[in-house]
Each structure stands twice: as structure tokens, then as C-alpha cells.
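No lab work stands behind these numbers, since they all come straight from the coordinates. The structure displayed is predicted, hence computed values, not measured ones. Heads up, the Cβs are rebuilt from the backbone with ideal geometry, glycines too, and the neighbour counts pull from every protein chain shown.
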Amino acid sequence: MENVLRPLIVIGGSVLLTLVIGWATDLLLRKADARHSETPLWGLLRRGRIPYQLVLCAAMLRGSYDEARVLREHRVGIGQTLTLVLIGSAAWLVIRIAAAVVETSYSRYARMHRDPARVRRVRTQVTLIMRVVAAIVGVVAVAAMLLTFPAMRAAGASLLASAGILGIVAGVAAQSTLSNMFAGLQIAFGDMVRIGDTVVVDGEWGTVEEITLTFLTVRTWDERRITMPVSYFTSKPFENWSRGGAQMTGIVYWHLDHSAPMDAMREKLRDILRECPAWDGRACDLTVTDSTPNTMQVRALVTAKDADDIWKVRVTVREQMIRWLTDHHPYALPRVNTADSAPPPGRNGARSSASPDGAPRRMHEPPRQNR
């Protein structure tokens, strides 16, 4: 009877005590979260309840397993397994606690500062710091797990003796990876590009969606994802439309006939912009920027508060101006001229010509006919 009750009391008691402590801790965190609604720390700490219970259960079982007196022939293997679970769950718990603290600090900073550029910069730094912390904790946890094996402890001395050679070989083999990692840290703390920035890379316009230590993801306007190494942004030029302010100036071009009514078009441009909610009211202008034998190039200059709004303003102005010209001034649209050219001015509407003997004569202008 004792052989049955002892394992049941030891193992069952450890599991039950873990559940009770976990439930009590979660209850305290929920009350603290309800009492201090201004900070999300207590609610974020609740995400670590699973690794927290694993740590408690593994520690209790590891300390009381010998008292259970069960499977004694496998005592070493079971103890080793419980130790590995304890180390892994402890690393998981440390990452969750660090993430909660960092996320709380970022939320407090975002509430105190209204500058979107500074908030995005801190968000990028926080994201990369968390990835670095998770990588360091993971490496330490794996190293601690390996050192629990006696054979690995014996091999550690020989590995340390050849660390110099291994470091050189690893550095050469992982040159691109290391360069990307350093580039990621440079981006995070050099404020070159931030999460949420509007950028143009390789002719593609999009928004920075994710930044890691090795790659960067840009979400394009048509919801595609472009993944690029972070070293690209430290070695090649790119456009960052969000740096220095999100306000933008856009242009719209038309190719029109030389008879287009410029003054009326300027008035119509102002009317269109007054009814366009995306226009920020900073500036608007319409000028002739070029001329060809058949058409002239007209440019409208408009402004908006960010890249999304400037796109809306441009397409609205382009569409409504073309529609207005078609309805009220169709002659201003470009066309192919198939009529004879106008004659030079002469007496009584006639132009001069020479007779075969050299005497001047007058030749009446024939009527224009379409070919």
C-alpha cells in the first residue's frame, strides 16, 4: 500500500501544489491589473503563467522525486529530464518577463510622446532588443542543458582550447550573417529606418513592417511582402519618405493642346482641392513646364500630410481635371491635326507667288479641307 500511496502523494502533491500556486499568482496579477489600469505590466506578466507553472512543477518533482521511490533503475534519466525541463522553462519564463517589462516601457513612452517618428524609432529599437535578449537567453539555456551531461563537460575543455581556430573559421563562414546582424543593430540605434516608415527600395513603394537582426520586410501597397537583408539599407541608397516629417508634395502632369485655358484650369484646381479631404491646404500650383510642336506639358503641384493622402490627392485631381476638360473644354485635349497649316499674312487675305518669268503675282488662298 505504501508503494502506491508514496508516489501518488509525492507526484500528485507536486502537481496539485503547482496548480494552486499558479492559480493564486494569476489571481493576484488579475487584481493588480484591474487596480493599476494605467500600466499593462501586470496583464502582460500573465502571459508567463505556463512557463511559471512548468518551473514550479519541474523544481518540485526534481527535489522530491527520490522520496517517491518509483522507477529507481531510471532515476538518473528521469532526474536529467526534469533538469532539462527546468532549465528550458526557466529560460522561457525569463523571456516572457523581459518582454513584459520592455513592452510596458514602450507603452509608457508612446503615451508620453506624440511624435510618431520618435515612437517608431523606439519601437524598432525595442523589437531588436527583445530579439537580442531572446537569442542570448536561448544560447545560455542550451549551453546549460549541454553542461548537465558529463561527456559535454569533458569536451568543454577541448572546445575552449581550440576556440581561436573555431572563431576564425566561424567568422569566415558566417561573414554575411554577421554583417547582417551588425547592420541590424546599426539600423536600430542609428535611426536610419524604422517600423512604419514609408520607403522606396528597388522601385517598390511600401511600408516597413518588420525589422530583425538579419532581414527587413516591406509591405507594398498591393499587400505583397518584400524581404530584404538589412545590410542593403546600410550599403545602398533608398528613399525614406517618413524621415524628417511625413508631409509630402506631389505632382500631376497633363499633355494638352496649346489652346488649353490655363486661368480656368487654375480656378478648377482650387475648386477640386477644396472638396478633397486629403489635401492639407499647404500649397497648390499649376504651370506649363514644357512644350512640343503638338502639345504642352502642364504640371499641378499639390500637398498632403503623408504618402497615402498624397496618392489620393493626385488621382483625384487627375481624374476630375480630365473630366472637366472633356465636358467644358474638349478643344484643350491633345489631338492629331490633319488640316492644312495657316497661310502667312498677305494683302487682302492673299499670299504672294512668283511667275515663271519672275514677275510677282497673287494667288488666292484655297479653302481648308481635311485630308
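In which sequence would C276, C57 go, from the one with the fewest C-beta neighbours within 10 Å to the one with the most? Write out the running numbers ahead of the final one.
Working: C276 16, C57 22.
Least crowded to most crowded, the residues run C276, C57.
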* What does the charge count near G196 come to, summing +1 for each Lys or Arg and -1 for each Asp or Glu among other residues with Cβ under 9 Å from its Cβ? -> +1
* Asked: If we sort 281-292, 44-55 on the protection proxy, mean other Cβ atoms within 10 Å, highest first, what's the order?
  -> 44-55, 281-292
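Which net charge results when you count Lys and Arg as +1 and Asp and Glu as -1 among the other residues whose beta-carbon is under 9 Å from that of T207?
It works out to a net charge of -1.
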* **Spacing of the two label points (7 Å from each Cα toward its C-beta) at A34 and V140, in nm** => 3.6 nm
* Over the range 242-298, calculate the relative contact order: mean separation of alpha carbon pairs under 8 Å at least 6 apart, over the residue count, as a percent. => 45 percent
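State, as an integer percentage, the relative contact order of the range 263-342 based on alpha-carbon contacts under 8 Å between residues 6 or more apart.
27 percent
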* Structure fact -> Straight-line reach check, K312, cutoff 23 Å on alpha carbons, 8 or more apart in-chain or any other chain, hits among lysines -> K268
* When only C-alpha pairs under 8 Å and at least 6 residues apart count, what is the relative contact order of the range 9-67, in percent? -> 49 percent
* To do: Determine, for L84, L28, the number of other Cβ atoms within 10 Å of each Cβ, and report the residues in order from fewest to most.
  => L28, L84
* Work out how much length Y331 to I129 would gain on full extension: take 0.36 nm times their residue separation and subtract the Cα-Cα distance, in nm to one decimal. => 66.5 nm
